[in-house]
Amino acid sequence: MANAQTSAFQSALFQITGDPVPATPNPMLLPWVAQNRGALVQSSDLYVHNPGDTPIDVTLEFRKRGTPDVNPPRATRTIQPGQTLFTADVLGSLFNRDNLTGFISVAVSKGKTQPIVTSFNTVSHADGTKFAQALSGISLPLSANAATPGPTVQQLVV
């Protein structure tokens, strides 16, 4: 008796030409911003940095806490390479909103560099003391899940 086994192998070579398609940066989320002119004076300053070597256009959108706006306020800004967009009291100055809390989404609408997003929230008390928090933006994956890391919060007393 003989053991008759056969095998075959076949391969194909594919050559893809052209420029690679660059990845689109993930949207960013700044999880909390606030502006208040009541018993406490509170504001959030926004920083969006372009670490790349080409300009980027970013579209910022404010979503208020509670019942969402049908058409939330948006603003688009161009950030040059190595530059930082600074917006003091972002809710009042960029979105023309007062006495609200919510979050800001940041999406790159032109360019391929992921921006660095952070906020500095300051609460001023009537006695002159201040409390401040720094929050970093979160890069949103294309498919979020419970294992996605949360924001980094630093609480500072000034």
Computed from the beta carbon distance with a Förster radius of 30 Å, FRET efficiency for residue 76 and residue 41 to the nearest 0.05 stands at 0.55
Looks like segment 37-85, by Cα gyration tensor root eigenvalues a ≥ b ≥ c and the a/c under 1.5 rounded cutoff (else prolate when a/b is bigger than b/c, oblate otherwise), is oblate
Pseudo-spin-label distance residue 101 to residue 5, built 7 Å along Cα→Cβ, given in nm, is 6.9 nm
Leaving out same-chain residues fewer than 8 places away, which aspartates and glutamates sit with a Cα under 14 Å from that of residue 110? 53, 57
To the nearest 0.05, the calculated FRET efficiency linking residue 127 and residue 24 through their beta-carbon distance, R0 being 41 Å, is 0.30
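Where a number appears in this text, it was derived from the coordinates with a stated rule and is not lab data. Not measured: the values here are computed from a predicted model. Neighbour counts run over all protein chains shown; Cβ positions are idealised from the backbone, glycine included.
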